[in-house]
């Protein structure tokens, strides 16, 4: 099983330009809304037509702009699951599952396939019900069963859990385990949630402004991000612009400070990354120790997030901006600090002035 995609498609000032290959794996597409994740899947499925390029699935050419090949969605036999499942309300569960099976398949074989998928997804006894008579989880299982029943060459899922609350999402995610275990081939999984992508995907492609800026195994993406988009999508709260200031130092204009790093700084460094929970409370001056003021705090169940303003910022980088003047500039000038609400841990309070430290070995540096 294999997938090879090289396509371009322009919409005025926006251009999708992606190239990637996949095998027997689940390949995730991680990115912000409008970056091109869903459009890529729609091009593979034949819902959208690229301006140029080539799409090959398991040796079958779906699209080739030079050879004038552009198979219809029906000819491609792909399975694309949308957020709302797209079940036929006037068909029974059994008929919905069988809807994607080709007409050339004999009736007895069709019934066998439907029965097999009803069993696989725990829907035995629901075959004669209609979608409106099912819970959200049962509807999702019907949609997944329909995908497998069609015997597609590739599976594609477009943010299937984006509209669900966290509890229901956790329950329904288990349905995907059955789907992924039963399918041999390439699975493409679109998400904007790094944790969701890590649970399901063998590799993750970071998509930004219509391009894949990096692709790697999930843990590598988290531990060694290579792009600004990768930093932010991996959950790194602090990602300010940075400039080269020495072999092991960067200047951070939004914060008005210099930061020493354990790793060597590339000459073309663009951004510093620092996870909010790596910030440490300090006793006073020292390497990467800074005087800060706690300007805002917000509490979650088990932690407090504090916004820290640097009191000794470099005047050359400009004065601190008030929230009322420019909200985005205000946020960019602050460092996020996440503090666990464990017993005995001193929590930062609004207005408090204190010292914090940025560990040199916990800093990420990216150049794209």
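Readers should treat all values here as calculations from the given coordinates under stated rules, not as data from a laboratory. Values in this document were obtained by computation on a predicted structure and should not be read as measured data. Positions of Cβ are generated from backbone atoms using ideal geometry, with glycine treated the same way; all protein chains shown enter the neighbour counts.
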Helix 166-182 axis, angle to the chain major axis (alpha carbon atoms, nearest 10°): 50 degrees
Residues 147, 328, sorted so that the one with the fewest Cβ neighbours within 10 Å comes first: 328, 147
Value of [θ]222 nm, deg cm²/dmol, for the chain, DSSP H segments ≥ 4, -39500 (n - 2.57) each, nearest 500: -7000 deg cm²/dmol
Gain in span if fully extended, residue 25 to residue 115, counting 0.36 nm per residue against the direct Cα distance: 29.7 nm
Between helix 136-149 and the chain: long-axis angle, C-alpha atoms, 0 to 90°, nearest 10: 60 degrees
Segment residue 68-residue 343, extension gain: residue separation times 0.36 nm, minus the distance between their alpha carbons: 92.3 nm
Estimated inter-spin distance, residue 353 and residue 133, nm [label 7 Å along Cα→Cβ]: 7.2 nm
Distance between region 116-153 and region 41-106 - C-alpha centres, whole angstrom: 19 Å
Fraction of beta bridges assigned by DSSP in the chain that are antiparallel (%, nearest 5): 75 percent
Listed residues 185, 23, 286, most fluctuating in the chain (Gaussian network, C-alpha, under 10 Å): 286
At q = 0.07, 0.09, 0.13, 0.15 Å⁻¹, base-10 log of I(q)/I(0) for the chain (Debye sum, equal scatterers on each alpha carbon): -0.42, -0.65, -1.05, -1.22
Neighbour-count order for 9, 68, 362, fewest beta carbons within 10 angstrom listed first: 68, 362, 9
Degrees, to the nearest 10: 107-120 long Cα axis against longest axis of the chain: 30 degrees
Residue order, fewest to most surrounding Cβ atoms within 10 angstrom, among 13, 158: 13, 158
